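Below you'll find the structure, written out as structure tokens, and then a few comments.
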Amino acid sequence: LVGRRVVAHLGQASGGYAEQALAPVTALHELPDDLSADAAVAMIGTGRTAMGILEVADLTAKDVVLITAAAGGLGSLLVQAARAAGAVTVGVAGGPAKVRLVLDLGADIAVDYRAPGWPDRVRAELGDRGDRPVTALLDGVGGEAGQAALDLVGPGGRVVMFGWSAGTPLELTTADLYARGITASAAVGPRLLQRPGGLREFEDAALAAAAEGRLTPVVAATFPLADAAAAHQALEDRATTGKVVLIP
């Protein structure tokens, strides 16, 4: 392996904020020549999570998919995957620049969740599909935006949750599931980390998708390793789109 380009996920213990890192040989993936280091870093973690979400979501061309935080590192991959599945794809993002990015990624509809009444705009854009036109919600935001998105999911729809960047998770009870006629799944946490067979196949799939051009990670910002604090500040200020990568 000496002299070869490799990438590895370092696990929950991290250790990646360094010029050199230690990883088990079983964690390494050799990179194809045409896959950049930035893209590999984006896909080894966020990409494998996207693969886990997509396994649960099981999207098809019959779906109307709504993705929250659609301009983020994870959301941008999910938008591309939903379009590749042939689904009608709706992306929700914060601010005009992020909305434009979501459209550029191939979404059929992109709306700004900061704009009052954005769910009504989604309904209008989807035409005669009714008040609850969404068949699959992929939500990593939670909070008010997640709740507004949930109200767009119709009977028989499914909700796949993978975080709550708003600070509070999407609130769902068993009674909600019965009343709404939907199913709900948590795609991360134990469902992902304790998956039979492990995560390596998701890592393989994510890296292959990037190398073959089927998924393109959005790496909108890179920072020198010495400026890691500035990178964190940019993330906390929600001033970024896609992934933020540190360069040793």
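The values are calculated or read from the model by the stated rules, or taken from the named source; none is laboratory data. As the structure is a computational prediction, the values presented were derived from the model and not from experiment. Ideal geometry is used to build each Cβ from the backbone, glycine not excepted, and the neighbour counts take in all protein chains shown. Protein only, heavy atoms only, side chains kept; ligands, DNA and RNA dropped before computing areas. Shrake-Rupley method; radii C 1.70, N 1.55, O 1.52, S 1.80 Å.
Condition check for residue 109 on (1) open to solvent by 20 Å² or more (accessible area, probe 1.4 Å); (2) free of Cβ contacts under 8 Å to residues at least 24 places away in the same chain: one failure, at (1).
Evaluate region 118-128: report whether one residue or more is of a type in the set (Phe, Trp, Tyr), more than 14 Å from the chain's Cα centre (by Cα) and assigned to a loop (DSSP other than H, G, I, E, B). No - not one qualifying residue is present in region 118-128. When each of 176, 204 is tested for being more than 21 Å from residue 75 (Cα to Cα), surrounded by 12 or more Cβ atoms within 10 Å (Cβ to Cβ) and out of contact with any helix residue (DSSP H, G or I) (no Cβ under 8 Å at 6 or more places or on another chain), the lone residue that passes is 176. The number of residues in region 40-50 that are open to solvent by less than 10 Å² (accessible area, probe 1.4 Å) and charged (D, E, K, R) comes to 0. Can you find a residue that is surrounded by fewer than 22 Cβ atoms within 10 Å (Cβ to Cβ), in contact with a helix residue (DSSP H, G or I) (Cβ under 8 Å, 6 or more places away or on another chain), under 25 Å from residue 43 (Cα atoms) and of a type in the set (Lys, Arg) anywhere in region 136-159? Scanning region 136-159 turns up no residue that is surrounded by fewer than 22 Cβ atoms within 10 Å (Cβ to Cβ), in contact with a helix residue (DSSP H, G or I) (Cβ under 8 Å, 6 or more places away or on another chain), under 25 Å from residue 43 (Cα atoms) and of a type in the set (Lys, Arg). In region 51-80, the residues that are open to solvent by less than 20 Å² (accessible area, probe 1.4 Å) reach residues that are basic (Lys, Arg) with C-beta atoms within less than 6 angstrom, at least six apart or across chains, in these pairs: 71/98; 73/243. In region 174-186, the condition of being assigned to a loop (DSSP other than H, G, I, E, B), among the hydroxyl-bearing types (Ser, Thr, Tyr) and farther than 27 Å from residue 28 by Cβ is met by no residue.
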